[in-house]
Amino acid sequence: MAVHIEKLSEKDKKEILAILQSFWGDSKIVVHNEIIDALSLDGIKAVDNNKISGICHYQISDKECEILTLASLNPGQGIGSALLNEVEGFALYSGCHLICVTTTNDNLNALGFYQKHGYQLTTLYPKQVFISRQLKTEIPEIGYHGIPIRDELRLEKMLK
């Protein structure tokens, strides 16, 4: 697979929206008690055979880069890892000392993926998803593996 990474562009919006809708229900995500439209964020895409095969949105603030979306359309093929490596490199180049991501308690694949890539669990936000549901009522009660979605977990990695 010959995947290459590119910055998202305006011409990608329709396809990116479809990906966001398939993973998060729409382009709006809730993080830290705030609704964020992922389409307004900086991001990168993995491209294979002229088709988008993965996306990652992030924001940088105070020497910290936060990953807000990361999705691979073909899991297990290194697309997520390629996106993660690229955003980590960009964060380091931008002067960031830390990169972080927040996910929910049911997302065992994400928890494993990030830990495999050197991220450590740093914070548990018990019952945070109950608060998030007040902002985005479409967040389901039950998530991956039939696990009730209740809590958020923050993972961090120090950049060298």
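The values are calculated or read from the model by the stated rules, or taken from the named source; none is laboratory data. Since this is a predicted model, take the numbers as computed values, not measurements. With ideal geometry, Cβ positions are generated from the backbone for all residues, glycine too; neighbour counts draw on all protein chains shown.
Mind listing whichever residues of region 90-116 are in a helix (DSSP H, G or I), touching a strand residue (DSSP E or B) at 6+ places or on another chain (Cβ under 9 Å) and more than 19 Å from residue 43 (Cβ to Cβ)? Let's see the steps before the verdict.
We begin by selecting, within region 90-116, every residue in a helix (DSSP H, G or I); these are 90-93, 108-116.
Among the residues that remain, those that are also touching a strand residue (DSSP E or B) at 6+ places or on another chain (Cβ under 9 Å) are: 90-92, 110-111, 113-115.
111, 115, listed by residue number.
I'm trying to understand the selection: among the residues of region 117-160, which are among the aliphatic types (A, V, I, L, M) and either in a loop (DSSP other than H, G, I, E, B) or closer than 30 Å to residue 85 by Cβ (or both)?
Looking only at region 117-160, we keep the residues that are among the aliphatic types (A, V, I, L, M), and these are 121, 124, 129, 131, 135, 139, 142, 147, 149, 153, 155, 158-159.
Result: 121, 124, 129, 139, 147, 149, 153, 155, 158, 159.
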Problem - Residues being of a type in the set (A, V, I, L, M, F, W, C), in contact (Cβ under 8 Å) with a residue 60 or more places away in the chain and either over 17 Å from residue 29 (Cβ atoms) or touching a Ser or Thr at 6+ places or on another chain (Cβ under 7 Å) (or both) - total across region 116-160 - result: 3
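Taking region 21-36 as the region of interest, how many residues are surrounded by 12 or more Cβ atoms within 10 Å (Cβ to Cβ) and not in a helix (DSSP H, G or I)?
9
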Practice task
Take residue 146 and decide whether it is among the small types (Gly, Ala, Ser), surrounded by 12 or more Cβ atoms within 10 Å (Cβ to Cβ) and at pLDDT 95 or above.
Solution key: no
Handout entry: All positions within region 61-79 that are touching a helix residue (DSSP H, G or I) at 6+ places or on another chain (Cβ under 7 Å) and closer than 21 Å to residue 97 by Cα
Key = 65, 67, 68, 69, 70
Exercise for the section: Report whether or not residue 27 is in contact with an Asp or Glu (Cβ under 6 Å, 6 or more places away or on another chain), among the polar types (S, T, N, Q) and at pLDDT 90 or above. Expected result: yes
Practice task
Give me a count of the residues in region 68-84 that are part of a loop (DSSP other than H, G, I, E, B) and more than 12 Å from residue 3 (Cα to Cα).
Solution key: 3
Exercise for the section: For residue 107, work out the one condition from (1) modelled with pLDDT under 95; (2) under 15 Å from the mean Cα position of the chain (by Cα) it doesn't fulfil. Expected result: (1)
